[in-house]
Each structure stands twice: as C-alpha cells, then as structure tokens.
Amino acid sequence: MTSWQAISIENIHLNRNDQTSKINLTEKIMLKKILPLTILFSSLAFSSAFAGVEEETAYILNSFLFLVSGFLVMLMALGFCLLESGMVTSKSVSAIAAKNIGLYSISGIMFMLVGYNLAYGIPEGGYIGSFTMWSDGSALSDGYSASSDWFFQMVFCAATASIVSGTLAERIKIWPFFLFAAILTGIIYPIEMGWQWGGGWLSAAGFSDFAGSTLVHGAGGAAALAGAIVLGPRLGRYDNGKLVPFASSSIPLATAGTFILWFGWFGFNGGSQLAMGTFDDVNAVGTIYINTNLAAAGGVITAAVITRLWKGKTDVVMMLNGALGGLVAITAEPLAPTPGLAIMIGAAGGVVVVFGTELLNNLKIDDVVGAVPVHLFAGILGTLVVPLSNGDTNFGAQFLGTASVCVFVFVVSYIVWTIMNMTIGIRLSDEAQKEGTDIVETGVTAYSIRD
C-alpha cells in the first residue's frame, strides 16, 4: 500500500466517523422532539379508553365535530344547487344558481338575527323562544363552543330552505322566493325545530328526531308542497291531464349534486351525535356513518328495481331521488338500527319516493326535482318507524310530533304564499316562462344551446 493510499483510506474512515456522529446527533434531536409528543398522545389515548378525556379536551373535540360536520352540511348547499341545475330545463339554470346562493346567505343572516334564540331560547316544555339576536356565551361547562353550535345549527336551517327551491323552479319570481326564505328560516323553521331540539313541548312529550327527518326535511317538504299548490304547475307541464316530459339540462350535473348531498349527509347525521369526547361517542359517529351510507344504497337499488319492473326502464332520476329518500328516512334514527334494518329503512324511502312522485303527477302538482316525495314523504316515514329500533320512544309520540310539525309548517307556509301571491305576486307570466327564468330573472344565459 502506498502512502497516498493509506492517507485516502484514513480520510474515508474519518469522514464515515463524522457522518456517524452527525447521524447520532440528529437522532438525539429527533428523539427529544418526538418523545414528549409520543408520551402526550399515548396518555390521551390511555385516558380516553379508560377514564375519558379531560373537560377542556372534550370541549375541543365536541366543538371540532360541530365545525367539521357543519362545513360538510354547508357543502350540501352546493349539492342542492347542482341537483336542481341538472333537473331544470336549460333556460332556468342561472336562476337556480342565484336562488341557492341567495337563500343560503339569507338563512345565515336570519338565523343570526332571530332564528337561533327563537329555537333555543324556548322555556322547557314551551312553544316559542325569544325574538333576540344570537350572542356568544361560550362556557367550558357547556361542553362545546357556542359559536360552533350556532354554525352547525345554521346550516341545517339553510338546508330546509334549499328543499323549497327545487320544487318551485322555473315559474317563481326570485325576490318573492327570497322573502319567503327569510320568513321560513327566521321564524317558521326555528319555532317548530325548538319544539324538539330546543327542549320544547314535543321533547317533553317523548318525540324523537335524531337529525331531522321531520324537523328539517319534512318541514322543508311541507313548505314546498304549500308553495307548489299556490303557485301552480309550469306552463305546458300538463296537457289534457297528461304529464308532458320536460328535458333536464344535465343528468351528470344532477348526479354530481346527489353525490355531494350524500357526502354532506355524513356531517348531517354524524354531527348530530353532538359529542366526540368519549370512546362511545366516536364509535356512535362511526355507526351513524355506516347506517347512513347503507340506507342511501338501499334507496338507490330499490328505486332502480321498481322502475325497471314497473316502467320497463331503469330510471336514473328515480335512482338519484331514491338515494336521497333513503338518506332522509334514516335521518330520524341513524344510530340505533342494525345495518340490515338501515338498508330496509332506506329501501322503504326509495319506495315512497317512486310512488309519491306518481301521486303528485296524478294530482297535477308540479314538483320539478321531486323534493316533496324525497323530503316530506320519506321524512314522515323515517320518523314514524323510529320505535322499531329505539325503545326510548313510541309510535304515539312519533305520530304526534310528525303531524304537528308538518301541519304547522304547511298551514303557515300556505298562508304566507297566498298573501304574497295576492299582493306582490309570486308567479312568472306565461311569456316569461317561455323565454326562460335565466333571461327574465337574472339576465344571464347559462347555456347557448336551448331547449
């Protein structure tokens, strides 16, 4: 070995020693950083499994559930918009977009100004809260942030108004619709919702509606039905008593909207557990997700089978609405049912949607997107069958609550729609309907290819 070779080998060994020292030093630094975190999370996991988390940790986790579930439910506003945009004719798409972003904004403002306290300021066993503005009274003892609760409850309020939009599409004026949305989200919905979730008289009577099959969906469907009766069908929808098919602008868009609604429903139902600070609560949310998904699937397959056997075609629109009908039906009690029962409840929702749509057409009630069968009819069904899996309630209490909410919302909405129709007018003229709500109401044409 030459002298320069010996020197080179020695340098290599020195470099390797330097690298080893650097690696050891890096490992020590990483260990110092990671070890405390490992101990922290291990202790949290250990305490959660055996003793429950501390009060402040539970507060954080519960508030986090409200916020995450809330923005999932907010995403449903997009789902409603896309579903409705796909179901209307191509000359009414821009108007649908305007209505949906408008009603969501109105809902937020009205729920802040008066809606929340009208629902949750109600005396125990009472009927109505106070006409006062919401204010943040967060306290650790409540178990969650008051602002997170407000946001979560607000998006449910907005969903109620979204249901109405699709039914009345293509022949209602936008600003009368906005006025009704303000009344619905600021007064009508908070009052009936407070009867149960605000600790009112229905809660005292033993009524149960976990996430709102009746309180949200049935109420929205009842308001939509009242509006459809007062407003009348679209021009040319019925010819000598027979239904005239109108071409939907985009079935893929309607399908995308349905998937987004399905996705958002996990926040709708899962968030209604209202807590994520214990082992049992987290497991309950997981169970709710599974049952929600299975019910939607049951509704889809049932609607597909019925339309194939009955009409000879596999109706994609009925499949989309079957999914939504299944989701609505399971919403009243998504935790207690077994997976098999969840599928059956969803399937029953699909049946109600198919035959409910046929019933409305026979009565010449024009529901553009099928919101009344999906939300009102399936919502009633889902609420009435809660005692099949939840032994803490009974059929009498369920019937009382369902009938009270739906009748109240329908009657009050019918009166409001009638008064507006007699004063400011709510229906577009025949000429305006022929031209299309996009041009007449928004001045923006969504598609250059027209029906």
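The values are calculated or read from the model by the stated rules, or taken from the named source; none is laboratory data. Keep in mind the model is a prediction, meaning the values are calculated, not measured. We place every Cβ from the backbone using ideal geometry, glycine too, and count neighbours over all the protein chains shown.
Scan 82, 118, 78 and give me the residue that is of a type in the set (A, V, I, L, M, F, W, C), more than 25 Å from residue 405 (Cβ to Cβ) and crowded, with 21+ Cβ neighbours inside 10 Å.
That would be 82, the only listed residue that is of a type in the set (A, V, I, L, M, F, W, C), more than 25 Å from residue 405 (Cβ to Cβ) and crowded, with 21+ Cβ neighbours inside 10 Å.
Could you tell me whether the range 198-217 includes any residue that is outside any loop (DSSP other than H, G, I, E, B) and closer than 30 Å to residue 431 by Cβ?
No: the range 198-217 contains no residue that is outside any loop (DSSP other than H, G, I, E, B) and closer than 30 Å to residue 431 by Cβ.
Mind listing whichever residues of the range 127-150 are outside any loop (DSSP other than H, G, I, E, B) and in contact with a Ser or Thr (Cβ under 9 Å, 6 or more places away or on another chain)?
146, 147, 148, 149
Taking the range 281-293 as the region of interest, how many residues are of a type in the set (A, V, I, L, M) and either farther than 17 Å from residue 264 by Cβ or not assigned by TED's automatic domain parsing to the domain that holds residue 324 (or both)?
2
Identify, from the list 296, 304, the residue that is in a helix (DSSP H, G or I), more than 17 Å from residue 389 (Cα to Cα) and free of Cβ contacts under 8 Å to residues at least 40 places away in the same chain.
304
For residue 226, state whether it is at pLDDT 95 or above, under 17 Å from residue 425 (Cα atoms) and either out of contact with any strand residue (DSSP E or B) (no Cβ under 8 Å at 6 or more places or on another chain) or not assigned by TED's automatic domain parsing to the domain that holds residue 127 (or both).
Spelling it out, residue 226 is indeed at pLDDT 95 or above, under 17 Å from residue 425 (Cα atoms) and either out of contact with any strand residue (DSSP E or B) (no Cβ under 8 Å at 6 or more places or on another chain) or not assigned by TED's automatic domain parsing to the domain that holds residue 127 (or both).
Restricting the first residue to the range 317-343 and requiring it to be assigned by TED's automatic domain parsing to the domain that holds residue 305 and in contact (Cβ under 8 Å) with a residue 40 or more places away in the chain, which pairs with a second residue that is charged (D, E, K, R) and crowded, with 22+ Cβ neighbours inside 10 Å meet a Cβ separation below 6 Å and a spacing of at least six or different chains?
Pairs that qualify, where the first residue is assigned by TED's automatic domain parsing to the domain that holds residue 305 and in contact (Cβ under 8 Å) with a residue 40 or more places away in the chain and the partner is charged (D, E, K, R) and crowded, with 22+ Cβ neighbours inside 10 Å, are 332/209.
What do you reckon, is residue 54 modelled with pLDDT under 95 and out of contact with any strand residue (DSSP E or B) (no Cβ under 6 Å at 6 or more places or on another chain)?
yes
From the list 380, 439, exactly one residue is over 22 Å from the mean Cα position of the chain (by Cα), assigned to a helix (DSSP H, G or I) and either under 16 Å from residue 173 (Cβ atoms) or in contact (Cβ under 8 Å) with a residue 24 or more places away in the chain (or both). Which is it?
On inspection, the qualifying residue turns out to be 439.
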